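The values are calculated or read from the model by the stated rules, or taken from the named source; none is laboratory data. Quantities reported herein were computed from a predicted structural model and do not represent experimental measurements. Backbone-built Cβ (ideal geometry, glycine too); neighbour counts: all protein chains shown.
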Amino acid sequence: MKKLILKYWFFLAAVALTASCQKEHYFDGGVHTGKLDMNIYEFLKSRPLEFDTIVWILDKTGLAAEVQKNNITFIAPKDLCVVNYLKQMGGAKLDTVNTETLRKAMSKYILPNVKIWREEVPFDYDISRNGGQFVKTLSGDSVFLDSPRRDDYNGVKEAGPKFFRVWYHNGYGEFFGRRFTAANTWPETEVNGKRWNPWVSSGIVITTDLQATNGNIQVLNGSHTFNFPFK
């Protein structure tokens, strides 16, 4: 496993190179074709600058086999997401984190028996308006996927890029019927004098609909923190 700090600088360089790469009005994380001639695990191994720590976790936790099963979606965190996680843990070393903790964390990103497609994620973030969708994860709970409405583009109404976000319930409660609003305005719940927000956003999926031979890959941006902790 390479030193994670190097990933940070490679990520910054990649951002500079891909910031202007917008194809067909959607976010492109650097892969120019969506169809791959390898399975999800093989793809991750083929891109060590972005995913070798993710591969290490999959191997250590026994989840490598899960991302080689058919008809799944992997919401792929980058290595930088793990860097963010370790920073939140006070600079802990990855190999000191309990294996079961890592397994539970990585299971949140594996969606069995479903292929998620960007264009099929419902617009809007309000489930009262049929926005977004809940999807079961390998860990047995759910993530919520939503796609905010497109901005106008070159004078064309709602022709801008479509992207989607991943939300994970964490902490005080899971309310499947709650109304979702923008991240900075969602209601918080007060528990023992502390305010908790029961849903944590990952940020946007920056590379969408990579079609591996056994399922789809949706790559998260590097600002996401692995395991969806409270900010």
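Within the range 203-221, the residues that satisfy the criterion of being assigned to a loop (DSSP other than H, G, I, E, B) and modelled with pLDDT of 90 or more are ALA212, THR213, ASN214. Counting only residues that are of a type in the set (D, E, K, R) and either surrounded by fewer than 17 Cβ atoms within 10 Å (Cβ to Cβ) or without any contact (Cβ under 8 Å) to a residue 24 or more places away in the chain (or both), the range 53-66 holds 1 of them.
When each of THR73, THR101 is tested for being crowded, with 16+ Cβ neighbours inside 10 Å and not in a loop (DSSP other than H, G, I, E, B), the lone residue that passes is THR73.
Consider PHE43 carefully, then state whether it is under 19 Å from THR208 (Cβ atoms), out of contact with any helix residue (DSSP H, G or I) (no Cβ under 6 Å at 6 or more places or on another chain) and modelled with pLDDT of 95 or more. When the stated conditions are applied, PHE43 passes them. Taking into account only those residues within the range 118-133 that are surrounded by fewer than 14 Cβ atoms within 10 Å (Cβ to Cβ) and out of contact with any Lys or Arg (no Cβ under 6 Å at 6 or more places or on another chain), which is modelled with the lowest pLDDT? So the residue we want is ARG129. From the list ASN70, ASN39, the one residue that fits, being touching a strand residue (DSSP E or B) at 6+ places or on another chain (Cβ under 9 Å) and within 24 Å of SER142 (Cβ to Cβ), is ASN70. Of all the listed residues (PRO229, PRO187), the sole one being modelled with pLDDT under 85, assigned to a loop (DSSP other than H, G, I, E, B), within 28 Å of ALA65 (Cβ to Cβ) and of a type outside the set (Phe, Trp, Tyr) is PRO229.
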